[in-house]
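Beneath this line is the structure, given in structure tokens, with notes to follow.
Read-outs: derived from the displayed coordinates by stated rules, not from any lab. The structure presented is a predicted model; accordingly, all values stated were derived computationally and were not measured. Counting neighbours? That spans all protein chains shown, and the Cβs are built from the backbone with ideal geometry, glycine included.
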Amino acid sequence: MIDVTLPVSALAPAQRDELAGRLTAALLAAEGSPDNRYVRASAWCFFDERPAGGIQVGGRHPELPVYRVVLTIPAGSPALSGPFRLVNRERLVRVVTEAVLEVEGAGYSDAAATRVWVQVREIQEGYWGAAGGIGRMEDIAGVAGVTPDGRLTARAERIRRALDIAAAAGPV
């Protein structure tokens, strides 16, 4: 799940589309997730545009746009969770920051990077709710098609079938 908070009109619709694609690809790569239609169906990106004055820095209106990107992942994500995965999270934050600034048109610099905050949040097992129920890690892995034993949980099978039906019905 990706949430981007930004000032209204900081990015044009085409720029938001490009940023959503780049952030989705970056998060999937960092998580080590396969890039398939099942995974992409659960990779949502929300843009929360704040009106003029709706974002302040140090109690003042910033002169240049500032951005907050929240990446929400399941606790226990093998490539990102835990103290030994700090380097992977650092790489993800850098890639996300670069993407925001490049799409905006500023390009990366240390000064420009101070306008982008990235938060990686973990949701504990049993606290993800989607498709009408709680998604456990084995369900999430099953929907993605990466189960250790090659077998899907009953819930993962139901979700994949539902996604197939939704895809056959046409774009959302």
*Kindly state, to the nearest 0.05, the FRET efficiency for V87 paired with A168, given R0 = 45 Å and r defined as their beta-carbon distance.*
0.65
_the range 130-172: C-alpha gyration tensor shape, a/c 1.5 cut-off, then a/b vs b/c_ = prolate
_For the chain, take the longest principal axis of its alpha carbons; what is the angle in degrees between that and the long axis of helix 154-169, to the nearest 10 within 0 to 90?_
70 degrees
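A131 to A75: FRET efficiency via 1/(1 + (r/R0)^6), r the Cβ-Cβ distance, R0 25 Å, to the nearest 0.05?
Values: r = 19 Å, r/R0 = 0.77.
So, using R0 = 25 Å, E works out to roughly 0.85.
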*asked:* Given R₀ = 35 Å, what would the calculated FRET efficiency be for E49 paired with R151, taking r from the Cβ atoms and rounding to 0.05?
replied: 0.25
*How large is the charge dipole for the range 55-172, taken about the Cα centre, if only the Cβ atoms of Lys, Arg (+1) and Asp, Glu (-1) carry charge, to the nearest 20 debye?*
220 debye
